[in-house]
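Worksheet: the structure to be examined is printed underneath.
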Amino acid sequence: MKKKLALIALVLITCLTAVACCRHDWTDATCGAPATCAKCGKTKGSPTGAHTWKEATCTEPKTCTVCGLTEGEAAGHTAESVPAVAPTCTDDGLTEGERCAVCGEWIVAQQPVPATGHAWKDATCTEPKTCTVCGATEGEPAGHIRGEATCTEPARCTVCGEPEGEAPGHVFTEATCTEPAVCTVCGAEGEPAKGHTEEKDEAVAPTCEEKGLGEGAHCAVCQTVLVAQPEIPATGHTEVKDAAVAATCTEPGSTEGVHCEVCGKVLVAAEEIPATGHTEAVDVEVLPTCIGTGLTEGKHCSVCGEVLVAQEVVPAMGHTEEKDAAVAPTCTETGLTEGAHCAVCGEVLAKQEEVPATGHTEQKDEAVAPTCTETGLTEGAHCAVCGTVLTKQEEVPATGHAVVIDEAVAPTCTETGLTEGKHCMTCSEVLVAQEIIPANGHSWTAANYQEPEICSVCGAVQGTPVMSDFERYGIRAEMEAGVGYEYETDCERKPERNRTKGVATVVAYDITEGDAERGLEAKEGYEWRTASFSLVFGDKYARFYGVKTDFCIENAYDMAKLDETFVLGEAKDGVREGTFTVNWHGKDYDGCRVIVTETPSAWVFVPEKEGYEERCGMTISFLVPRGYDGMCAGPCDAAADNVAVTENGTTGVLFFRYK
């Protein structure tokens, strides 16, 4: 507590010391006050008496700015009329008022006049409900009530008659050799019948037993027979006799046979003749003679001479005469005349004279011609009596096949083929059979936006091209060169409240290999497609608030690919450049470019309209594969939230297709 009282006393002493010892900070004397210390308030001298006057205003008299002394009266207001402001459809107006021209104070305040409200015109198919006074819109257009499209006419609105898209066209069947193409929808005829494609049917030579065919012709497409192949009768066999072979005592023979000289087929088989067996002849007993031995009776074959029963020796018994019967000669053996001999010793009592051999009775053995697989025989001869071979038949080797190559037939996508084969030209025997090679089947390329699936081997097609995105989603590129289209967009100033309507027109479209003046250099396999757009605005909103324009670029075939690959640079001197990729006939082209040149807006006086129009423009050039017709571009609504290219169509965009 003490420490606190001491502190208070110290503060009071310090303050008193400061007053007693003030180092004055004098302010200058004024018209109404002497010089005064800014610290302690002490004065010195007298006021100067010279006022600093501020001139009188409308409501204040002449006043000294230093001391506040006034002199005379206020000057009073200088009244100025403020004109009335007429109300609009949406904004209130003001009555006429009056204010001071000097100080701006209101003398008669302006009173608000309520907005008049819109004078609405009913919505049409393409226009929303619209105010006839200010042009404001409300809601959406009523929309078209579309009728059905026919093959040759597009769908039209039943209210206003405006067409939508293009006539779908005929859906033709494929023309055949004899029938024209016919529309499956309306029955109209298209491509005429193609006519037959003649292909020759080669003649087939007849064989001994099989019929042949003459040359003919058929259609290679529909297989219709154009010239029937006449039937050629089989030639029949060329008979050759196979001579009979006589049987011998111990060997079998064969009967006469017949075979075909051309194909070798046995027509009459030769039958086997059994061996004849021996023709037994008795060797008479030789009686012993007195001085010589005799022989018992024996047997031999009278044809071939083979001993069948051997004669045994009988001891001599003295002569006993016995006649020797005559012995007939054979082909190779001599005979004997009749004689006499001793029945016991064989001494010739009456000599038998030799009778010469008769000799062989020659009979020819016909030659046998060899075939492709069987040996033949040369001509020979044998004895017709005893069968002895007089001229041996020599074996003639088989001729072997006369080989003919059966050419291989390559398989196609739909037809089977054959491997190489061989057959004999003489006897027609198949030596190497031709085997069936299965058809290859088609090698289909993938369908793209321009072509259906195509066989890379034979060119056959199936299915249809991939449907473009614009067709799938009903998006229209409605702009045509030289035709004006209504175009609505935001104003440059106060876009949240003001919009303007104008006319967009494609004023030029060309296709070139390149243009050096515009920096459009040529590129192998590509071409430049350039469209110039004119935008003209003449309503009061454009005059008062300016125009804000924008553009939109799209790929009618594949919007997703454009979104994935599109890169657009920043504007430089009114020019923007970009790159993108397109697919053309199944191949990606990543060297595509776009150049967008925007022309600044300018006011132009139009004598026939006795007024001004704001005109601007843009030129959009695409570098695309030669012939590519999928790029679309055009002016769009500058209000970003009103521009959309979706699966449900487009809003706020006027598209021109670069066909």
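Points worth noting:
- Filter result for V368 (over 60 Å from the mean Cα position of the chain (by Cα) and in contact (Cβ under 8 Å) with a residue 24 or more places away in the chain): yes
- When the stretch 172-197 is filtered for residues that are open to solvent by 80 Å² or more (accessible area, probe 1.4 Å), of a type in the set (A, V, I, L, M, F, W, C) and within 28 Å of Q223 (Cβ to Cβ), only F172 remains.
- Residue list for the stretch 39-93, filter: polar (S, T, N, Q), surrounded by 13 or more Cβ atoms within 10 Å (Cβ to Cβ) and touching a residue at least 40 places away in the same chain (Cβ under 8 Å): T57, T88, T90
- Extreme residue, nearest to the chain's Cα centre (by Cα), among residues of the stretch 371-392 that are closer than 19 Å to P252 by Cβ and open to solvent by less than 50 Å² (accessible area, probe 1.4 Å): G380
For (1) loosely packed, with under 12 Cβ neighbours inside 10 Å; (2) over 58 Å from the mean Cα position of the chain (by Cα), each residue gets a yes or a no:
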| residue | (1), (2) |
| --- | --- |
| C103 | no, yes |
| A109 | yes, yes |
| T124 | no, no |
| T150 | no, no |
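- Scanning the stretch 582-606 for residues that are outside any strand (DSSP E or B) and open to solvent by less than 70 Å² (accessible area, probe 1.4 Å) turns up just one, G586.
- Close Cβ contacts (under 6 Å, 6 or more residues apart or on different chains) running from residues in the stretch 590-611 that are aliphatic (A, V, I, L, M) to residues that are modelled with pLDDT of 90 or more and assigned to a strand (DSSP E or B) comprise V594/G578; V594/F622; I595/E577; I595/S621; V596/R576; V596/I620.
- Looking only at the stretch 399-419, residues that are assigned to a loop (DSSP other than H, G, I, E, B) and either among the hydrophobic types (A, V, I, L, M, F, W, C) or on the phi < 0 side of the Ramachandran plot (or both) come to 13 in all.
- Among the numbered conditions (1) farther than 30 Å from Y541 by Cα; (2) aliphatic (A, V, I, L, M); (3) over 42 Å from the mean Cα position of the chain (by Cα), the only one that V604 does not meet is (1).
- Across the stretch 136-148, the qualifying residues are those that are farther than 30 Å from T184 by Cα and open to solvent by 40 Å² or more (accessible area, probe 1.4 Å), and the one among them that is modelled with the lowest pLDDT is A142.
- Single residue of the stretch 504-518 satisfying the filter (open to solvent by less than 70 Å² (accessible area, probe 1.4 Å) and charged (D, E, K, R)) that is modelled with the highest pLDDT: D510
- Considering the stretch 331-363, and only residues there that are open to solvent by 40 Å² or more (accessible area, probe 1.4 Å) and in contact (Cβ under 8 Å) with a residue 40 or more places away in the chain, the residue that is nearest to the chain's Cα centre (by Cα) turns out to be Q363.
- The set of residues in the stretch 553-581 being open to solvent by less than 60 Å² (accessible area, probe 1.4 Å), over 24 Å from V466 (Cα atoms) and of a type in the set (A, V, I, L, M, F, W, C) consists of L568, V575.
- Where a residue in the stretch 550-569 is touching a residue at least 40 places away in the same chain (Cβ under 8 Å) and its partner, wherever it lies, is surrounded by fewer than 20 Cβ atoms within 10 Å (Cβ to Cβ), with Cβ under 6 Å and at least six apart: A556/S468; Y557/S468
- Residues of the stretch 305-330 classified as touching a residue at least 40 places away in the same chain (Cβ under 8 Å) and surrounded by fewer than 17 Cβ atoms within 10 Å (Cβ to Cβ), total: 2
- Residues of the stretch 420-434 satisfying the condition of being touching a strand residue (DSSP E or B) at 6+ places or on another chain (Cβ under 7 Å) and assigned to a loop (DSSP other than H, G, I, E, B): E420, M425, E429, A433, Q434
- Filter pass, E256 being within 30 Å of T358 (Cβ to Cβ), over 60 Å from the mean Cα position of the chain (by Cα) and open to solvent by 90 Å² or more (accessible area, probe 1.4 Å): yes
This table checks each residue for (1) among the hydrophobic types (A, V, I, L, M, F, W, C); (2) open to solvent by 70 Å² or more (accessible area, probe 1.4 Å); (3) at pLDDT 95 or above.
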site	(1), (2), (3)
Y473	no, no, no
A481	yes, no, no
Y487	no, no, no
D490	no, no, no
K494	no, yes, no
G502	no, no, no
L520	yes, no, no
G538	no, no, no
V547	yes, no, no
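- Taken together, P274, P288 contain a single residue that is more than 60 Å from the chain's Cα centre (by Cα), open to solvent by 50 Å² or more (accessible area, probe 1.4 Å) and in contact (Cβ under 8 Å) with a residue 12 or more places away in the chain, which is P274.
- Residue check for V258: modelled with pLDDT of 90 or more, touching a Lys or Arg at 6+ places or on another chain (Cβ under 6 Å) and not charged (D, E, K, R): yes
- Listing of strands (runs of 3 or more DSSP E) fully contained in the stretch 249-362 that carry 1 or more residues being more than 25 Å from V385 (Cβ to Cβ): 257-260, 266-268, 321-324, 339-342, 348-350
- Per-region count, the stretch 222-251, residues surrounded by fewer than 14 Cβ atoms within 10 Å (Cβ to Cβ) and out of contact with any His (no Cβ under 6 Å at 6 or more places or on another chain): 15
- Strands (runs of 3 or more DSSP E) contained entirely in the stretch 163-238, each with at least 1 residues that are within 33 Å of the chain's Cα centre (by Cα): 198-201, 216-219
- Contact map, the stretch 491-512: residues that are within 21 Å of F655 (Cα to Cα) paired with residues that are open to solvent by 90 Å² or more (accessible area, probe 1.4 Å) and part of a strand (DSSP E or B), Cβ distance under 7 Å, separation 6+ or inter-chain. Pairs shown: K501/E486; V503/E486.
- Verdict on E407 being open to solvent by 60 Å² or more (accessible area, probe 1.4 Å), among the charged types (D, E, K, R) and touching a residue at least 24 places away in the same chain (Cβ under 8 Å): no
- All positions within the stretch 528-563 that are acidic (D, E), farther than 14 Å from I620 by Cα and in contact with a strand residue (DSSP E or B) (Cβ under 8 Å, 6 or more places away or on another chain): D539, D558
The values are calculated or read from the model by the stated rules, or taken from the named source; none is laboratory data. Source: prediction; values computed, not measured. No Cβ is skipped: glycine too gets one built from the backbone with ideal geometry, and neighbour counts run over all protein chains shown. Only protein heavy atoms, including side chains, enter the accessible area calculation; ligands, DNA and RNA are left aside. Shrake-Rupley method; radii C 1.70, N 1.55, O 1.52, S 1.80 Å.
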